[in-house]
């Protein structure tokens with residue numbers, strides 16, 4: 001199965017509603033065409049804060 005992973009710092013944690021937050025990382029300058037962004041909703045209680053470095057993995061499962 002196809003799988004890709006990259007590491008990046010969380011730039012912002014958004015409070016979406018009472019159930020979930022959104023973790024975000026972007027290339028604000030858009031000067032780096034190789035920069036990989038992420039924006040993913042996760043359940044509250046995760047403990048992540050801006051500045052934490054995370055690994056983002058996307059894997060095809062079927």
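Which of 14, 50, 35 ends up with the largest GNM mean-square fluctuation for the chain, with Cα atoms connected below 10 Å?
Its mean-square fluctuation being the largest, the pick is 35.
Arrange the following residues from fewest to most other Cβ atoms within 10 Å of their Cβ: 20, 60. Display every interim value, and only then the final one.
Working: 20 14, 60 8.
In order of increasing Cβ crowding within 10 Å: 60, 20.
Rank the residues 25, 62 as a footprinting-exposure proxy: fewest other Cβ atoms within 10 Å of their Cβ go first.
Working: 25 21, 62 3.
Ranked by crowding around the Cβ, least crowded first: 62, 25.
Suppose the chain between residue 5 and residue 55 were pulled fully straight at 0.36 nm per residue; how much longer would it get relative to their current alpha carbon spacing?
Working: separation 50, 0.36 × 50 = 18.00 nm, distance 0.66 nm.
Here the segment from residue 5 to residue 55 would lengthen by 17.3 nm.
Roughly how many whole Å is it from the C-alpha centroid of segment 29-62 to that of segment 1-28?
Distance between centres, Cα-based: 3 Å.
If neighbour count is taken as other Cβ atoms inside 10 Å, put 42, 10 in order from fewest to most.
42, 10
Rule-based calculations on the coordinates, nothing more; no lab input. Owing to the predicted nature of the structure, the values given are computational and were not obtained by experimental measurement. We place every Cβ from the backbone using ideal geometry, glycine too, and count neighbours over all the protein chains shown.
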